[in-house]
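Here it is, the structure, as structure tokens.
The values are calculated or read from the model by the stated rules, or taken from the named source; none is laboratory data. Not measured: the values here are computed from a predicted model. FYI the Cβ positions are ideal-geometry reconstructions off the backbone, even for glycines, and counts take in every protein chain you see.
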Amino acid sequence: MSLLLLFACSDYSFSDPEDALKGSNVGGPDDTGDGEDGDGDPPRYDTPPTERPPTFLDGDCEEGTDEVVVEFSEIYVKSWDATLSEGTLYAYEAGWYHLYDLGMAESGASQTNETAMVRIKNSTNPDGLPAWANCDTDWFVIDADNYSPPSDRIYTGTYWLDEGVNQLELVHFCPVYRAGACGDLHITDWSDSTCETSNPNSVHLVGDAACVVPAG
């Protein structure tokens, strides 16, 4: 995947990472804004959900275990080398899904820019873009364990899945930042783990900990 699309991001005025987590709904290309498909109608790509789910998923993810199979055990990216990693998801039904995962950031204050974004590519959505974005077209998951580890799965974005195989890409934030984009998402409180340092700031997406929940 080329990162050229990401480098078009413009700086947003988030006051802190918590603000960035709130994001904005960018919808699909023909979004009607109502988010309703009608009784009995199949989900449609051009009517994405209108409300983003909570930042953290409380519970054991029972409602998300049957519709989608996560076909990778663990993928990871780092701030300099191996900045992109891939895995696949298999969906039994096409539709919009919320993706959650546990432990994307896992190194506490020793790696404070463990930030990355996910794209999920398929025939309907070949660019793999999410329903919501906090930097141009992409949703970056901000490092959430700098002070304490999150107790629940963290929201990783809302994506359209085709029936069958979908290609997931995990992309590290630091190359995007170093190219001049999304500067307000960069955490500078710890000078030894900024994106300019050699700190790996590794981000992990764990298949067994993933939860893919149908949106609506």
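Failed condition for TYR76, given (1) modelled with pLDDT under 95; (2) surrounded by fewer than 19 Cβ atoms within 10 Å (Cβ to Cβ); (3) not charged (D, E, K, R), with all others met?
Going through (1) modelled with pLDDT under 95; (2) surrounded by fewer than 19 Cβ atoms within 10 Å (Cβ to Cβ); (3) not charged (D, E, K, R) one by one, TYR76 breaks only (1).
Can you report the number of residues in segment 84-112 which are within 18 Å of VAL206 (Cα to Cα), under 15 Å from the mean Cα position of the chain (by Cα) and not acidic (Asp, Glu)?
Total meeting the criteria: 13.
Which of the following residues is modelled with pLDDT under 75, loosely packed, with under 13 Cβ neighbours inside 10 Å and in a loop (DSSP other than H, G, I, E, B): ASP60, ASP66?
Step by step, each of ASP60, ASP66 is checked, and only ASP60 is modelled with pLDDT under 75, loosely packed, with under 13 Cβ neighbours inside 10 Å and in a loop (DSSP other than H, G, I, E, B).
Filter segment 164-190 down to the residues that are closer than 26 Å to ALA94 by Cα, touching an Asp or Glu at 6+ places or on another chain (Cβ under 9 Å) and surrounded by 15 or more Cβ atoms within 10 Å (Cβ to Cβ) and list them by number.
GLN167, LEU168, GLU169, LEU170, VAL171
Separate question: Here is a list of conditions, (1) surrounded by 16 or more Cβ atoms within 10 Å (Cβ to Cβ); (2) at pLDDT 95 or above; (3) more than 30 Å from ARG44 (Cα to Cα), and ASP138 meets all of them except one; can you say which number that is?
(3)
Can I ask one more? Can you tell me how many residues in segment 180-198 are under 22 Å from the mean Cα position of the chain (by Cα), on the phi < 0 side of the Ramachandran plot and not acidic (Asp, Glu)?
Qualifying residue count, segment 180-198: 9.
Could you please find all residues in segment 206-216 being part of a loop (DSSP other than H, G, I, E, B) and within 17 Å of MET117 (Cβ to Cβ)?
Residue satisfying the conditions is ALA210 alone.
Something else now. With the requirement that a residue be closer than 20 Å to PRO200 by Cβ and touching a Cys at 6+ places or on another chain (Cβ under 6 Å), what does segment 153-177 give you?
Across segment 153-177, the qualifying residues are CYS174, VAL176, TYR177.
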